[in-house]
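Heads up, the thing below is written out as structure tokens.
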Amino acid sequence: MRGRRIIERRARVFLGCEGESEQGYGVLLQRFTDAESLRIHIVIKNLQPAGDPLALAEKAALLFDKENRKAPFIGKAILLDADRLAEPPDRGRRACELLRREGFTTIWQKPDHEGLLLRHFAGHDHDDPASGRSMSALQAVWPGYHKNMAAADLQRQLTIEHITRAAGVTEELMALLRMIGLCRI
């Protein structure tokens, strides 16, 4: 009689993503956790259509509740563009309140996803481009970058060192890395 193979369940972490770019980034994080043999499964949810932070926050909360019924999560996070907080300001404030009340680790990408990616590169970890300037600033250090890159394309350029560099200046990104086991400090 052969022994049964026992498959250990992975701890689940919910990651809400404003769009495809963030979704690719989430898959990249999953690849890094897999490479470290961490028993983590990042449940990545694209919250499209992007834009209104309150609508995105509400959708994330609903999707989390639905997914949490299947199996519990050890944490939940969301990646959102900070430049959308002021349009209209009341909806941005309400989004912040909802995410805080629901216990999300909210990574406000300043001013947007490309601004967050820029801070992954040496010498640019404290850069804070104005809204509308982050794409050109990022392409100056990463000429091949374009929106909605797949994880495989991101991984050709970004290493775990890049990720931890950005997390060193983005407290909420560091909290997500701790949540998924990529940072133990």
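Distances over 17 Å make up what percent of all Cα-Cα pairs in the range 89-180? Could the numbers behind the result be given before it?
Numbers: 2279 of 4186 pairs.
Tail fraction, whole percent: 54.
Kirkwood radius, the range 1-93, all distinct C-alpha pairs, inverse of mean reciprocal distance: 14.7 Å. Residues whose amide H comes within less than 5 Å of that of ALA77, counting only those at least five positions distant or on another chain, are PHE14, LEU15, GLY16, THR105 (H built at 1.01 Å from N in the peptide plane). DSSP beta bridges confined to the chain are antiparallel in about 0 percent of cases.
Which number do you get for Rg(Cα) / (2.2 N^0.38 Å) in the range 25-72? Don't skip to the answer; put the middle values down first.
Details: Rg = 13.0 Å, N = 48, 2.2 N^0.38 = 9.6 Å.
Relative to the rule-of-thumb radius for its length, the range 25-72 sits at 1.36.
Summarising the amide proton neighbourhood of ILE42: residues at separation of 5 or more, or on other chains, whose placed amide H is nearer than 5 Å comprise VAL13.
Two decimals is fine: what is log10 I(q)/I(0) at q = 0.13, 0.14, 0.18, 0.19 Å⁻¹ for the chain, from a Debye sum with one equal scatterer on every Cα and no solvent? Result of the Debye calculation: -0.65, -0.75, -1.24, -1.37.
Can you figure out the FRET efficiency of LEU38 with LYS70, using R₀ = 30 Å and their beta-carbon distance, to the nearest 0.05? Display every interim value, and only then the final one.
Numbers: r = 21 Å, r/R0 = 0.69.
Computed FRET efficiency for LEU38 and LYS70 comes out at 0.90.
Rg ratio for the range 64-121: its Cα radius of gyration over 2.2 N^0.38 Å, N being its residue count, equals 1.31.
With runs of 4+ DSSP H residues as the only contributors, calculate the mean residue ellipticity of the chain at 222 nm using -39,500 (n - 2.57) per run, divided by the residue total and rounded to the nearest 500. Mind showing how you got there, number by number?
Details: 8 runs with 87 residues, N = 185.
So the calculated ellipticity at 222 nm is -14000 deg cm²/dmol.
Residue-wise HN-Hα couplings along the range 138-152, as the Karplus relation 6.51 cos²θ - 1.76 cosθ + 1.60 with θ = phi - 60° gives them from phi, are 5, 5, 5, 9, 9, x, x, 6, 8, 4, 6, 6, 6, 4, 4 Hz; Gly and Pro carry x.
Taken one residue at a time, the phi angles of the range 96-112 give Karplus couplings (6.51, -1.76, 1.60, θ = phi - 60°) of 4, 4, 4, 5, 5, 4, 7, x, 6, 7, 9, 9, 7, 6, 9, x, 7 Hz. Gly and Pro are set to x. Taking only Cα atoms and a 10 Å spring cutoff, compute GNM fluctuations for the chain and point out the largest among SER131, SER37, SER21. Comparing SER131, SER37, SER21 in the GNM, the peak value goes to SER37. How far is the Cα center of the range 1-73 from the Cα center of the range 108-183, in Å? Cα centres, the range 1-73 to the range 108-183: 19 Å.
Annotation: amide H-H contacts under 5 Å for GLN109 (H modelled 1.01 Å from N, sequence separation of 5 or more, or interchain): LEU80, ASP81, ALA82.
Calculated FRET efficiency, GLU87 to THR159, Cβ-Cβ distance, R0 = 35 Å: about 0.50 to the nearest 0.05. Taking a virtual spin label 7 Å from the Cα of ARG178 along the C-beta vector, which residues in the range 9-40 bring their backbone nitrogen under 17 Å of it? Answer for the range 9-40: 13-14. When the Cα positions of ILE78, SER21, VAL43 are compared along the charge dipole of the chain, VAL43 comes out farthest toward the positive end, with charges on each C-beta of Lys, Arg, Asp and Glu. Pairs to check: LYS66/LYS147; LYS66/LYS110; LYS45/LYS147. Give those whose C-alpha atoms are more than 23 Å from each other in this structure. Long pairs (Cα-Cα over 23 Å): LYS66/LYS147; LYS66/LYS110. For the range 130-175, the equivalent ellipsoid derived from the alpha-carbon gyration tensor has semi-axes of 19, 16, 9 Å in decreasing order.
Bear in mind these aren't lab numbers, they're just calculated from the coordinates by the rules spelled out. In this text, all values refer to a predicted model and were calculated from it rather than measured experimentally. Neighbour counts run over all protein chains shown; Cβ positions are idealised from the backbone, glycine included.
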